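Undergrad: What follows is a single structure, and I will ask about it in a moment.
The values are calculated or read from the model by the stated rules, or taken from the named source; none is laboratory data. Predicted, not measured: the structure shown is a model, and the values here were computed from it. Neighbour counts are summed over all protein chains in view; Cβ atoms, including those assigned to glycine, are modelled from backbone coordinates with ideal geometry. SASA here: full protein model, heavy atoms, side chains in, ligands and nucleic acids out. Shrake-Rupley method; radii C 1.70, N 1.55, O 1.52, S 1.80 Å.
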Amino acid sequence: MIIILNILFISSIFGTDLGNESYLWPLDDKNRKLTDVFGDFRSRRYHAGIDVRTKGLAYELYAISDGYIERIRVSSSGYGKTIYIRLNDDRIAVYAHLSEFTPPLNKLAKGLQEKANSYTINQILEPNKFIVKKGDLIGYTGDTGSIRGPHLHFEIRDKNNRPLNPLLTNYTIIDSIYPEAENFAIIPLEENSIVNGELKPIIITINKINNKEYKISKQINISGKFGLAIEIIDYMEPSKSSESKRFKYGLYGLEMYINNQKYYSIKYDNFDFDEGELVYTERDFALPYKGKGKVKYYRLFKNDKVNKLSFHEQGLKSLNNLSSGSHDLKIIAYDYNNNEIIIRGKLVLNTSQLEKKYATFSRENILINNICDSCEIHQFEHGTYISIPKIKFNISPSIQFITDKNKNKKIPIFESEDKENFNFIFNPTALGEIKGISFKLENQKLDYKLTAIPAIPGKSFNLNYENKIFVSGSGDTFYDTSLVWIKKIDLGSNIKKGELVEGPWEIGPDYIPYRNQIELEIKNFQMDKNSIENIAIYYLNKKNRAWYYMPTTYHSDNNVFTTSALSGEIFALIKESNPPEIKSLVPQSNEILYLKNNNILSFKIKDDLSGIDGERDIKIYINENRVIHEYNSYRKEVKYDLNEALEIGKNIAKIILKDRAGNSKIINGVWILKE
């Protein structure tokens, strides 16, 4: 059964009505299985189209309407092989991750690559030169570019290149499955806010009544400014589906009502590419660390300190205008086929006050024997959070910030406790640079060693730890004041396929989004400048515990390695000495080839740590002439049509591989071509 979408008419914005089209489905009409939808989360951006599942098959792709091919792109990253069609209604249809174009377009792309002497091309074509009619074959689905699995990424953009939701056109999909609500979150927004006795965001499990109705049963007591968020996942297959994988999807819309008045509404109809960085103001950045790891928490409030998203409904009331007392909460969530669920609950607002104490400053040295390894520090939107295990103290300790300067001022700190920890939160604005934190209770003392400084909007900052690692940022690195810190940690020296040179260090903040990048510098005074090869900065993925290369620049004048980052992570300087390896080479060296055959060079690349940076790190020479090959970054596979370069008789081949850390490998070979 195909359920027809309720189509929104927004002709005043886009010139023609969405829903009045007669677009052709871009591939086999029977294949309407999606793996992702419009507006879902991506790192620092929104998903600009729909993804159609292809299961690795090369489906034919068709022009969805009359128009002309306006642009073609080829790359081993990003969208891979891509076609842009300017439709007669002035919209743009985008087909990405193709395996092949049609023969005429393949020939065009090949000529452009030879002219540019590069596999990567991005060419705007002459208007109306490559005319297409509705239903014309334009290429084949594939797995080129930056992807996690074969699929067609398909977009429809307006005449100004703004993505539109393809599912709001005449397209239909099969989906009678309701979204599923999982967790509800309450987020403190000021340092004196408290939720059910907690200083940090709390998560409450949502109880399912039936497929359409859910209830938040746990009582929620809130004091101070707060925000709400909800984890909802949409599906298009039942839980006992015969499909090998049950895909998770984003929603189409969300609404929140309090006492039957609308307080929040969002609908993923369209957006501007410039709004990409705001994704972290609409999806919660901190909560995934506590949940399933994927950013699926939808915020149910807007941050007035940042730019507004165009697909937020404006002019609604603010949560912070609610009065004390009990309030009825209702959340409505729905997908593109209007499968709708309702979540109900109650919020109890009060004016209870947190206990406040004051932290002081001290010039005492940090004692190495008293380091509190199990203490935690995090930066939330509403302040800097510190947690101390109760096994260290029987009652709440006093707090001192260690500094090189004499400071008589005090920093107000709010505190609470749970079964395991004493918890504190404070505004870091007036902190200044500190060298650590001491927790004291009579004769007991614990130290938390780090270097930290507040980053205040409009002011640049610089920080270093023992003159080995330096962190700096501009005045717009964060959306609000945040504490930036560097902390040396011990993860052991065993790094698979690598050697630890310096570090590792934890750099914060961690639980808030970065608006702009921070700059990192790592110095090594003992290192000989002649032995810096194959050394780079890496970060640790906290989920799979693997190290990942970061683009690194070495400055020989002061023996410094530099990179930039857009999130707080664990960083280290690592040396990788293993060169890349070639696997499954076809044809083998000294093999006899025949001119009448389709002779394709292919091989796969394995690199243990830093990886290959696209086709630029692979060079292939045949008879001393460099050839333009294809590199599939998903399969880590290289291909080249040898018939374009081989000559009758003996052909000398050389393949040079280089990984990101600078390790290289050279493979020499010979092929004999016969008629």
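Undergrad: Going through the stretch 18-66 one residue at a time, which ones are within 24 Å of the chain's Cα centre (by Cα), open to solvent by 10 Å² or more (accessible area, probe 1.4 Å) and of a type in the set (Gly, Ala, Ser)?
TA: Result: 43, single match.
Undergrad: If only one of 458, 383, 432, 436 is small (Gly, Ala, Ser), at positive phi and surrounded by fewer than 14 Cβ atoms within 10 Å (Cβ to Cβ), which one is it?
TA: Every option except 458 fails the conditions.
Undergrad: Sticking with this structure for a sec: Any residue at all in the stretch 392-412 that's closer than 17 Å to residue 193 by Cβ, surrounded by 13 or more Cβ atoms within 10 Å (Cβ to Cβ) and not basic (Lys, Arg)?
TA: Yes, the stretch 392-412 contains a residue that is closer than 17 Å to residue 193 by Cβ, surrounded by 13 or more Cβ atoms within 10 Å (Cβ to Cβ) and not basic (Lys, Arg).
Undergrad: List the strands (runs of 3 or more DSSP E) inside the stretch 603-675, counting only whole elements, that have at least 1 residues being open to solvent by 10 Å² or more (accessible area, probe 1.4 Å), closer than 23 Å to residue 578 by Cβ and in contact (Cβ under 8 Å) with a residue 24 or more places away in the chain.
TA: By residue number, 618-622, 630-632, 637-641, 649-658, 664-674.
Undergrad: Identify, from the list 570, 592, the residue that is among the aliphatic types (A, V, I, L, M) and out of contact with any Pro (no Cβ under 6 Å at 6 or more places or on another chain).
TA: The unique qualifying residue is 592.
Undergrad: Going through 231, 275 one at a time, which residue ends up being more than 20 Å from residue 331 (Cβ to Cβ), open to solvent by less than 30 Å² (accessible area, probe 1.4 Å) and either modelled with pLDDT of 95 or more or within 18 Å of the chain's Cα centre (by Cα) (or both)?
TA: That would be 275, the only listed residue that is more than 20 Å from residue 331 (Cβ to Cβ), open to solvent by less than 30 Å² (accessible area, probe 1.4 Å) and either modelled with pLDDT of 95 or more or within 18 Å of the chain's Cα centre (by Cα) (or both).
Undergrad: While we're on this one: Checking the conditions here, which among 333, 359 is closer than 23 Å to residue 186 by Cβ and surrounded by 15 or more Cβ atoms within 10 Å (Cβ to Cβ)?
TA: Selected residue: 333, the only one of 333, 359 that is closer than 23 Å to residue 186 by Cβ and surrounded by 15 or more Cβ atoms within 10 Å (Cβ to Cβ).
Undergrad: Suppose we keep only residues that are at pLDDT 85 or above and hydrophobic (A, V, I, L, M, F, W, C) within the stretch 291-312. Which one would you say is surrounded by the fewest Cβ atoms within 10 Å (Cβ to Cβ)?
TA: Looking at the filtered set, the residue picked out is 309.
Undergrad: Could we say that residue 446 is farther than 16 Å from residue 515 by Cβ, of a type outside the set (S, T, N, Q), open to solvent by less than 40 Å² (accessible area, probe 1.4 Å) and touching a Cys at 6+ places or on another chain (Cβ under 8 Å) here?
TA: Here the answer is yes, as residue 446 does meet what is asked.
Undergrad: If I ask for residues that are touching a Ser or Thr at 6+ places or on another chain (Cβ under 8 Å), in a loop (DSSP other than H, G, I, E, B) and β-branched (Val, Ile, Thr), which ones from the stretch 391-438 would you list?
TA: 403, 429
Undergrad: Just for strands (runs of 3 or more DSSP E) wholly inside the stretch 68-161: which have at least 3 residues that are out of contact with any Gly (no Cβ under 8 Å at 6 or more places or on another chain), open to solvent by 10 Å² or more (accessible area, probe 1.4 Å) and not hydroxyl-bearing (Ser, Thr, Tyr)?
TA: Those strands (runs of 3 or more DSSP E) span 121-124.
Undergrad: Out of all the residues in the stretch 481-519, which are surrounded by fewer than 16 Cβ atoms within 10 Å (Cβ to Cβ), of a type in the set (D, E, K, R) and closer than 25 Å to residue 280 by Cα?
TA: Selection gives 519 alone.
Undergrad: Another question about this same structure. Could you list, in sequence order, all residues of the stretch 497-523 that are part of a strand (DSSP E or B) and basic (Lys, Arg)?
TA: Once the filter is applied, which keeps residues that are part of a strand (DSSP E or B) and basic (Lys, Arg), the stretch 497-523 yields only 523.
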